[in-house]
Amino acid sequence: MDNHLLVILPHPDDESFGVAGTMLSYKEKGWKITYACMTLGDMGRNMGNPPIANRETLSQIRKKELEDAAKILKIDDLILLGLRDKTIEFENEDKLSARIRKLIEDCQPTLVITFYPGYSIHPDHDACGAVVMKAIASMPKENRPTVHALAISRESIADLGEPQIVNDVKSYSQQKLDALKAHKTQMQEVVRQTELALQEGNDEAIDRLNYERFWLYSFE
Ligand SMILES: [Zn+2]
């Protein structure tokens with residue numbers, strides 16, 4: 001059976017932010033790459049500068065941005081789960097985790113990447129991670145994929161220790177920036193600041209572009 005990476009995150013742009021280089025590196029190794037995006041980020045406050053969206057059009061514009069980013073990141077399968085932005089924590093957890101379990105059983109991934117619940121800053125991020133972990137925990141041990149969890153809160157290293165997985169994604173830095181740029185309504189300022197920091201030789205910005213870090217998630 002072919003190796004398969006399944007990324008499950010809540011927002012269009014989460015993939016470009018934290019997992020872009022990792023997806024490209026697995027793709028280059030011949031893995032199949034699926035991204036299941038829970039929402040269309042339709043409650044986002046940014047409309048672009050100058051604005052290119054409004055409250056009505058934002059979800060369709062973000063969908064197109066996500067499709068553009070998916071092409072740059074060579075994602076084989078883009079699955080839109082159609083949940084409402086900023087409401088994942090209010091979903092029925094049993095129902096949603098059953099749906100995610102079905103998705104995982106259909107995809108048969110070797111590896112799942114999602115947010116580390118409790119260490120991912122945004123309520124949608126934490127709720128997404130929690131429901132994915134719940135879905136996997138409900139599976140028989142021998143059927144569970146490996147999970148690499150993305151933790152982004154300040155306390156991550158103090159609480160969880162150093163990340164066990166550090167992916168060197170230097171060779172994909174341009175594609176990663178291009179994918180971020182595809183999210184025009186949301187990422188203009190981030191891209192501008194990142195490019196400025198890179199020009200200035202800012203170590204933290206360079207490190208963030210060149211390495212992607214994940215924690216193993218234990219179900220015991
Ligand atoms: Zn997000």
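The values are calculated or read from the model by the stated rules, or taken from the named source; none is laboratory data. Just so it is clear, the structure is predicted and the values come from calculations on it, not from any experiment. Cβ: placed from backbone, ideal geometry, glycine included. Neighbour counts: every protein chain shown.
Tabulated data
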quantity: Number of the exception - LEU66 against (1) in contact with a Cys (Cβ under 7 Å, 6 or more places away or on another chain); (2) free of Cβ contacts under 8 Å to residues at least 24 places away in the same chain; calculated: (2)
quantity: Unmet criterion (only one of (1) surrounded by fewer than 21 Cβ atoms within 10 Å (Cβ to Cβ); (2) modelled with pLDDT under 95) for GLY44; calculated: (1)
quantity: Any hit, the range 107-130, residues being in contact (Cβ under 8 Å) with a residue 12 or more places away in the chain and more than 18 Å from the chain's Cα centre (by Cα); calculated: yes
quantity: Close pairs from the range 6-32: first without any contact (Cβ under 8 Å) to a residue 60 or more places away in the chain and of a type outside the set (S, T, N, Q), partner away from the ligand (no atom under 14 Å from the Cβ) and assigned to a loop (DSSP other than H, G, I, E, B), Cβ under 6 Å, at least 6 apart; calculated: MET23/LEU73; LYS27/LYS74; LYS32/ASP2; LYS32/ASP76
quantity: Test result for PRO109, in a loop (DSSP other than H, G, I, E, B), within 16 Å of the ligand (Cβ to nearest atom) and modelled with pLDDT of 95 or more; calculated: no
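Residues are listed down the side, and each one gets a yes or a no for (1) outside any helix (DSSP H, G or I); (2) surrounded by 14 or more Cβ atoms within 10 Å (Cβ to Cβ); (3) of a type in the set (A, V, I, L, M):
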| position | (1), (2), (3) |
| --- | --- |
| GLY129 | no, yes, no |
| ALA135 | no, yes, yes |
| HIS148 | yes, yes, no |
| GLN188 | no, yes, no |
| VAL191 | no, yes, yes |
| THR194 | no, yes, no |
| ALA205 | no, yes, yes |
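Yes/no matrix, rows are residues, columns are (1) assigned to a strand (DSSP E or B); (2) within 16 Å of the ligand (Cβ to nearest atom); (3) in contact with a Lys or Arg (Cβ under 6 Å, 6 or more places away or on another chain):
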| residue | (1), (2), (3) |
| --- | --- |
| ILE8 | yes, yes, no |
| PRO12 | no, yes, yes |
| GLY21 | no, no, yes |
| SER25 | no, no, no |
| MET38 | yes, yes, no |
| ASN46 | no, yes, no |
| ASN49 | no, no, no |
| SER59 | no, yes, no |
| LYS63 | no, yes, no |
